[in-house]
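Here the structure comes first, spelled out in structure tokens, and everything after it is commentary.
Taken together, the values in this text are just the output of simple stated rules run on the coordinates, not laboratory data. Since the model is a prediction, treat every value here as computed from it, not as a measurement. Here the Cβ positions follow ideal geometry from the backbone for every residue, glycine too, while neighbour counts run over all protein chains shown.
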Amino acid sequence: MNHLIPPLSPTNRWWSEETTAVVTGANKGIGFAVVKRLLELGLTVVLTARNAENGSQAAESLRRIGFGNVHFCCLDISDPSSIAAFASWFGRNLGILDILVNNAAVSFNAVGENLIKEPETIIKTNFYGAKLLTEALLPLFRRSVSVSRILNMSSRLGTLNKLRSPSIRRILESEDLTNEQIDATLTQFLQDVKSGTWEKQGWPENWPDYAISKLALNAYSRVLARRYDGKKLSVNCLCPGFTRTSMTGGQGTHTADEAAAIVAKLVLLPPEKLATGKFYICVESKKLISKL
Ligand code: NDP
């Protein structure tokens with residue numbers, strides 16, 4: 001059933017500047033806007049980026065306008081050694097994590113183009129990058145006082161109804177879905193791409209490799225949500241809607257700041273209103289509905 005998410009209200013503010021958030025791919029686009037919004041709301045935020053110069057400049061631009069609680073650390077989510085170094089840096093410098101926004105992603109298609117260009121890179125970044133980082137940071141979540149939160153930035157291109165293959169869909173929508181089945185699905189997709197049969201096999205048609213990476217991310221989020229159900233860690237996905245960033249070549253129905261306002265609203269929901277295992281879609285730039 002769809003439902004509306006209530007607005008942020010000062011009366012149910014559960015966070016403080018002791019509350020820590022990590023945002024990946026935050027040197028620009030929606031990630032940068034999310035860091036800024038969370039700083040405005042008074043949290044301590046770690047801005048991460050794969051390019052050290054771009055990331056430190058982005059953090060510096062926020063310090064210049066008065067946000068002292070921003071930290072920067074380099075993080076390339078497609079590189080397991082970078083993830084390990086980041087987890088260790090975070091443990092030493094901040095220690096306890098409340099909110100993780102897995103935002104970093106790549107696509108090599110322009111809007112309206114549906115080619116498969118670098119499927120391995122897309123899957124390694126958008127899916128395995130977010131998953132490996134999450135697993136590395138899991139021991140650092142506070143999981144007391146309030147519910148800790150993971151928000152995976154996803155896309156409606158990766159929802160199950162975009163799969164034209166009933167057999168693959170049946171596997172991914174199963175209540176007993178496992179991580180091994182998700183891995184096997186991705187391996188199958190890459191094999192079908194190599195053998196030139198992917199179109200016949202019923203994989204998504206729009207931004208196919210990107211859509212598969214997000215489909216896997218949505219599936220993993222449900223598996224993880226189930227694993228932590230009742231254990232003070234909520235895991236959700238959000239499609240921010242068509243947003244004007246580099247990924248869309250500047251096209252979109254709304255700005256990164258508008259998308260970031262929605263992200264903040266979702267990750268700061270009071271514990272009693274916070275669901276888990278949901279896929280949220282941002283509609284009309286201000287409204288948020290949940291599906292699944
Ligand atoms: P942008 O292309 O503007 O930003 C993507 C960010 O991810 C950049 O900071 C980029 O860094 C970073 N990134 C890419 N690869 C890596 C990596 N290996 N390690 C660390 N960082 C990396 O995209 P958006 O802001 O539009 O997208 C943000 C999220 O929202 C993504 O998950 C996207 O899939 C999702 N989304 C966006 C939509 C839109 O309409 N814009 C619609 C639906 C979903 P660099 O600058 O170095 O390239």
Legend entry - Full-extension gain in nm, Ala84 to Thr197, via 0.36 nm per residue minus C-alpha separation: 37.0 nm
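Write out the trypsin sites (Lys or Arg not before Pro) in the stretch 43-126 meeting two conditions: DSSP loop, and at most 16 other Cβ atoms within 10 Å of their Cβ. Don't jump to the answer; show the numbers that get you there.
Values: sites: Arg50, Arg63, Arg64, Arg92, Lys117, Lys124; in loops: Arg50, Lys117.
Taking the stretch 43-126 and a limit of 16 other Cβ atoms within 10 Å, the loop trypsin sites (Lys or Arg not before Pro) found are Lys117.
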Legend entry - For Ser165, Ser82, Ser16, order by how many other beta-carbon atoms lie within 10 Å, fewest first: Ser16, Ser165, Ser82
Inset, instruction - With everything on Cα atoms, drop me the angle between helix 29-40 and the longest principal axis of the chain, reported from 0 to 90° to the nearest 10. - result: 30
Legend entry - Approximate spin-label separation Asn51-Ile96, in nm, with each point projected 7 Å along Cα-to-Cβ: 3.7
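Given an 8 Å cut-off on Cα distances and at least 6 residues of separation, report the relative contact order of the stretch 184-292 as a percent.
Working: 120 pairs, mean separation 23.8, N = 109.
After rounding, I find 22 percent.
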Inset, instruction - Can you tell me the 0 to 90 degree angle between the C-alpha axis of helix 256-267 and the longest principal axis of the chain, rounded to 10? - result: 80
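Please compute the contact order of the chain in relative form: average sequence separation of alpha-carbon pairs under 8 Å and at least six residues apart, divided by the residue count, as a percent. Please list the in-between numbers first.
On the way: 549 pairs, mean separation 62.4, N = 292.
RCO, the chain: 21 percent.
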Legend entry - MRE, 222 nm, helices only [DSSP H, n ≥ 4, -39500 (n - 2.57), over the chain, to nearest 500]: -11500 deg cm²/dmol
Legend entry - Nearest 10 degrees, 0 to 90: helix 80-93 Cα axis against the chain principal axis: 20
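For Glu173 and Lys232, calculate 0.36 nm times their separation in residues minus their Cα-Cα distance, and state this gained length in nm to one decimal. Before the final figure, lay out the partial values.
Values: separation 59, 0.36 × 59 = 21.24 nm, distance 2.41 nm.
Taking 0.36 nm per residue and subtracting the Cα distance, the gain is 18.8 nm.
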